[in-house]
Amino acid sequence: MNIYTFKDGSQKDLLNLSSTVPVKYHGTSYNIPVCLWILDSHPFTPPICFLKPTANMGISVGKHVDARGRIYLPYLQNWTHPQSMIIGLLKEMTTKFEEELPLYSLSSSDAARQVELLSYIAKFTEGKNDIQSKSKGDGKKSDGAFNKVTIIGAGDLGLACILAISAKGVADKVVVLDYSESTMKGGTMDLEIFALPNVEISRDFSATKDSKVVVLTVNYIGNAQSYLDVVQNNVDLFRGIIPSVAHYSQNCILLVASHPVEIMTYVSWKMSGFAKSRIIGIGCNLDSARFQYIITNLLKSQSTGKDTWIIGEQGENKVPAWTASNSGTSQQSEDLTNHNAQQLLAKRAMEVLKGKGQRSWSVGLSIADLIDTIVNNKRKMHSISTLVKGCYNINCEVFLSMPCVLGIDGVTEVIKPPDEDTVAEKLQSSAASIQDLQEQLKL
């Protein structure tokens, strides 16, 4: 074990493998010294690899090696669990180094300069970086007033969340955990180029410590033969994430945006050991906000849009529903006292809603709104995925969207819409299909 310093200055005790890779170059055999740092998220993420030259060796900067000796290979960029393994990585190192030797022998005068370079590299790979002392001073508010949010995943949705949170100004600090360790693929490279204030990029779970909210946006990307395989791969991905998140932010709210959101919220609940009130999925929050806007502003209904919700399962099986209005009177909105008029209005609004896609930036705005409600303890109602066992005669442990009062402690109250037969039947059907899939998963 040794201390590794990441580019952002954060440090971590990591397993360190140091040895040599055998290479034949122009008929001569060489032993190339290398060092592999194994992240705590291994085997889901690849090792961080460096050359480890001696004082009489120089680094040949090229396609696969930078000036610090960091090794970049296709095998690392395309790392996929469980196909990718250390032995396969070492084999590719041998192959690529035989094409382009990464080290060369120095003259005695160059060797002296190489000692200086090696001491510089050691600052990064042996935990002696001056940046660390600076980053320790950044944790300015250690009390409960400091609003820190972590986004896990640096894909399109993760970046949309960062931009939306920054625009709303709802967090004092945003940590982006780039789970891939491949900055050339995701948008973290652009974040590093065009730095945003109070946004930190890291690949170390310790950087997420004491987050108020942790947002999960990661999804497995690879070839899967069936829908069950896709979901199982996401479960395997979460197995390398959730325990670490729960360890470093024991009092956080977990906000799940990974797909399928209902099942991945359930998986997060089981793997974290958190109370059900602190595990929520984004569910139908975006669809509900749109539904309310359509009814109030596009269809010009006299009803208050705040009484209308999209509940149940995200996607095609979502259900429109009404909660009891505290402000309506029979004179104020006679049509809403009529069940048939309600159904007609819902049908018209759903037709408009169908044309709206779930684009990353839209979902990002919705997630930023949820975070605003949580960290500022607004106690607003949102249609989010929550445990519905006991509602509508659902007897299994499944998460579906319901109107919930949300605050700093998560869900404080679930508001159950009237128990209409059609609503209950659709929710029970969704619960049954979700439960059937959950029972096939290996948690």
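The values are calculated or read from the model by the stated rules, or taken from the named source; none is laboratory data. It should be emphasised that the depicted structure is a prediction, and the values quoted were computed from it without experimental measurement. Using ideal geometry, Cβ is built from the backbone for each residue, glycine included, and neighbour counts are taken over all protein chains shown. Heavy atoms of the whole protein, side chains included, go into the accessibility calculation; ligands, DNA and RNA do not. Shrake-Rupley method; radii C 1.70, N 1.55, O 1.52, S 1.80 Å.
Please specify each residue of segment 276-296 satisfying the condition of being without any contact (Cβ under 8 Å) to a residue 40 or more places away in the chain and of a type in the set (Val, Ile, Thr). Reasoning before the result, please.
Filtering segment 276-296 for residues without any contact (Cβ under 8 Å) to a residue 40 or more places away in the chain gives 292-293, 296.
Answer for segment 276-296, where residues must be without any contact (Cβ under 8 Å) to a residue 40 or more places away in the chain and of a type in the set (Val, Ile, Thr): just Thr296.
Just give me the residues in segment 393-427 being part of a strand (DSSP E or B) and open to solvent by less than 10 Å² (accessible area, probe 1.4 Å), in sequence order.
Phe399, Leu400, Ser401, Met402, Pro403, Cys404, Leu406, Gly407, Gly410, listed by residue number.
Is it the case that some residue within segment 86-106 is farther than 27 Å from Leu177 by Cα, open to solvent by 40 Å² or more (accessible area, probe 1.4 Å) and in contact with a Gly (Cβ under 6 Å, 6 or more places away or on another chain)?
The answer is yes; a qualifying residue exists.
Which number in (1) touching a Phe, Trp or Tyr at 6+ places or on another chain (Cβ under 8 Å); (2) open to solvent by 10 Å² or more (accessible area, probe 1.4 Å) marks the one condition that Ser268 misses?
It fails just one condition, (2).
Please specify each residue of segment 60-72 satisfying the condition of being surrounded by fewer than 21 Cβ atoms within 10 Å (Cβ to Cβ) and in a strand (DSSP E or B).
If the condition is that a residue be surrounded by fewer than 21 Cβ atoms within 10 Å (Cβ to Cβ) and in a strand (DSSP E or B), then Arg70 is the only one that fits.
Among the numbered conditions (1) small (Gly, Ala, Ser); (2) modelled with pLDDT of 90 or more; (3) buried (at least 22 other Cβ atoms within 10 Å of the Cβ); (4) in contact with a strand residue (DSSP E or B) (Cβ under 9 Å, 6 or more places away or on another chain), tell me where Ala160 comes up short.
Only one criterion is unmet by Ala160, namely (4).
Could you list all residues from segment 28-52 that are more than 18 Å from Tyr4 (Cβ to Cβ) and either buried (at least 17 other Cβ atoms within 10 Å of the Cβ) or aromatic (Phe, Trp, Tyr) (or both)?
Hits for segment 28-52 are Tyr30, Ile32.
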